[in-house]
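Participant: Following this message is one structure expressed as structure tokens.
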Amino acid sequence: MYDVVIVGGGPAGYAAALYAHNYGLETALVEKDELGGTCLLRGCIPAKAWLQAAEVFTTVANAGEFGVQTSEPGFDWGVALARKQQIVDGLVSGLKGLLKQRKVDVVNGFGRLDGPGRVVVDDGARVLETRNVIVATGSVPRSIPGYEFDGERIVSSDHALDWAERPQRVAIIGAGAIGCEFASLLVDLGSEVTLFELMDQIVPGADAKAARELQKHLKRRGVKIHTGVSVGEPRMTDGGVVVPFGEDSVEVDVVLVAVGRAPVTDSVGLQTTRAQVDRGYVVADLETMQTAEPGVYAVGDLLAGTPQLAHAGFAEGIAAVTHIATGRAAGPDYRAIPLVVYTHPEMAEVGLTEAAAVEQGFEVETHSHSFLGVGRARIIGQNQGMVKVVVQKDGPILGASVVGPQAGELIHELMYIVGWEALPEEAAAFIHAHPTLSEAVGETLLSSTGRSLH
């Protein structure tokens, strides 16, 4: 009898499995694929490996600005692909070793619930009895009508991460984080990229000013962006795929559909419990991660009403294990979970956007500072972008956005500020080293007190 059986070996699932050792819980982890889930195998890690390769390429291409004389660089796609896979394989190997060290029983196979306290693997090849189950089966890329995936001309991000060669002409449908990241890396490596978004801004839901700033820089680098448009039925030709939109169309070699991800909850046996499902997502108490069935928990991308982010999944796995072991509610503070878009420049946000704060009834002020005059940003040749904070009038800082170099790192200072509900005067009292990129944050915080510097 196990204390907990986890179905799904992605970030939320393996985080729960690793954390369980803190309480001495007998733990099993069931995974039908390689350990690591979408993030490690087909998402965060491989995508960022490609983005890093693109960044190195552009750095070398622009080295002359720094007085470094080089010939025009070439890009060996096969070498970059192999390096991406080497990174993934190394992290998977490390994860396996860590799970073994923590004495987690890893069971390879398709796991499904057969009532509370019982997980069947591969239709009965093995049955695991347990006091608690954590469902962490993740998500898969969504398609749209007419753009069903064939793996060649119509692809998902899963396929695109393993392209054998660089596509010359690419249409990307969906300008969320995934779509924008692929647009950024492909245009940097020389592809012609057209990006479509149904909503009126890229990265829907992000701060409007931050989204406009990112869009401006993507356009400058050659990405053709169409917002507020829908695409029509594709037409296959000898030369590629014709994608109609409005009164116009574009012919490309491949279409990447990046319109979001669907939860994987079919066939995992939730109907054998009292757990509730809403449009495929599992409903759970976000303080404990427990579903309507006592002893059955849900974490990660399949969880209703939460961001589909690996680091959110980590926190949810920890919360579920904490409740199992102690009975204590320790849910994540979703308000202070950062979102990062790893484009060039990067974009990161935490807390409420200006629009969301107003919608929730807050009277707000906003303050921003450009990277244009930040010394360190100019030194590295990346002085584009800005920092913005949203402040409740006579109250704390509610949210923040960063577009610029290393935004994904800079956002964490603002994460603490939002999470601790710091007042502008409290946050601005600390000194930022000079010259650093983080001075842009410091300048914005000073402005939020009503006393700016530069």
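A short reminder: the numbers here are calculations on the coordinates, not readings from a lab. The structure displayed is predicted, hence computed values, not measured ones. Glycine gets a Cβ as well: all are built from the backbone with ideal geometry, and neighbour counts include every protein chain shown.
Participant: I want the local charge near Pro244. Using Cβ-Cβ distances under 12 Å, sum +1 for each Lys or Arg and -1 for each Asp or Glu among the other residues.
Facilitator: Result for the local shell: -3.
Participant: A further question on this structure: Show the residues, 5+ positions off or on another chain, whose built amide H is closer than 5 Å to the amide H of Val259.
Facilitator: Arg142
Participant: Treating cross-link reach as a plain straight distance, find the aspartates and glutamates whose alpha-carbon is under 15 Å from the alpha-carbon of Lys103, omitting any fewer than eight places away in the same chain.
Facilitator: Here the aspartates and glutamates satisfying the reach criterion relative to Lys103 are Asp3, Glu26.
Participant: Moving to a separate point now. Grab the DSSP H runs of the chain that are 4 residues or longer, score each as -39,500 (n - 2.57), total them, divide by all residues and round the 222 nm result to the nearest 500 deg cm²/dmol.
Facilitator: Computed ellipticity for the chain at 222 nm equals -9500 deg cm²/dmol.
Participant: Which of the GluC sites (Glu not before Pro) found in region 219-297 are loop residues per DSSP with 10 or fewer other Cβ atoms within 10 Å of their Cβ?
Facilitator: Working: sites: Glu247, Glu251, Glu287; in loops: Glu247, Glu287.
Passing sites in region 219-297 are Glu247.
Participant: Find the relative contact order for the chain and round it to a whole percent, using C-alpha pairs within less than 8 Å whose residues are 6+ positions apart. Mind showing how you got there, number by number?
Facilitator: Values: 1006 pairs, mean separation 65.0, N = 454.
Rounded, it is 14 percent for the chain.
Participant: Karplus couplings for region 52-63 from phi (6.51 cos²θ - 1.76 cosθ + 1.60, θ = phi - 60°), rounded to Hz, Gly and Pro as x?
Facilitator: Calculated HN-Hα couplings, in order: 5, 4, 5, 5, 4, 4, 5, 5, 5, 4, 9, 4 Hz.
Participant: Give the residue from Pro345, Ser267, Ile6 lying farthest towards the positive end of the charge dipole for the chain; charges sit on Cβ (+1 for Lys and Arg, -1 for Asp and Glu) and the dipole is referred to the Cα centre.
Facilitator: It is Ile6, whose Cα lies furthest towards the positive end.
Participant: Using a simple charge model, +1 on the beta-carbon of Lys and Arg, -1 on the beta-carbon of Asp and Glu, nothing else, what dipole does the chain show about its Cα centre, in debye to the nearest 20?
Facilitator: 580 debye
Participant: Can I ask one more? Among all the lysines, which ones have a C-alpha under 20 Å from Lys100's C-alpha, if same-chain residues fewer than 8 places away are not counted?
Facilitator: Once the sequence-local lysines are set aside, what remains near Lys100 is Lys32.
Participant: Follow-up question, since we're still on this one. For region 2-61, run through the trypsin sites (Lys or Arg not before Pro) and keep only the ones in DSSP coil with at most 16 other Cβ atoms within 10 Å of their Cβ.
Facilitator: Here the trypsin sites (Lys or Arg not before Pro) that fit, given the DSSP loop and packing criteria, are Lys32.
Participant: Going by a 4.7 Å Cβ-Cβ cut-off, which cysteines of the chain have no partner at all?
Facilitator: Among the cysteines of the chain, those whose Cβ sits 4.7 Å or more from every other are Cys180.
Participant: Please list, in order along region 264-273, the HN-Hα scalar couplings obtained from phi with the Karplus expression 6.51 cos²θ - 1.76 cosθ + 1.60 (θ = phi - 60°), rounded to whole Hz, x for Gly and Pro.
Facilitator: The phi angles translate into 9, 10, 5, 6, 9, x, 4, 5, 8, 10 Hz.
Participant: While we're on this one: I need the trypsin sites (Lys or Arg not before Pro) found in region 255-298, filtered to DSSP loop residues with at most 14 other beta carbons within 10 Å of theirs. The partial results should precede the final answer.
Facilitator: Numbers: sites: Arg261, Arg274, Arg279; in loops: Arg274, Arg279.
The qualifying sites are Arg274, Arg279.
Participant: If you don't mind, another one. For region 406-413, what does the Karplus curve 6.51 cos²θ - 1.76 cosθ + 1.60, with θ = phi - 60°, yield as ³J(HN,Hα) per residue in whole Hz, taken in order and with x for Gly and Pro?
Facilitator: Couplings: 6, 4, x, 8, 5, 5, 6, 4 Hz.
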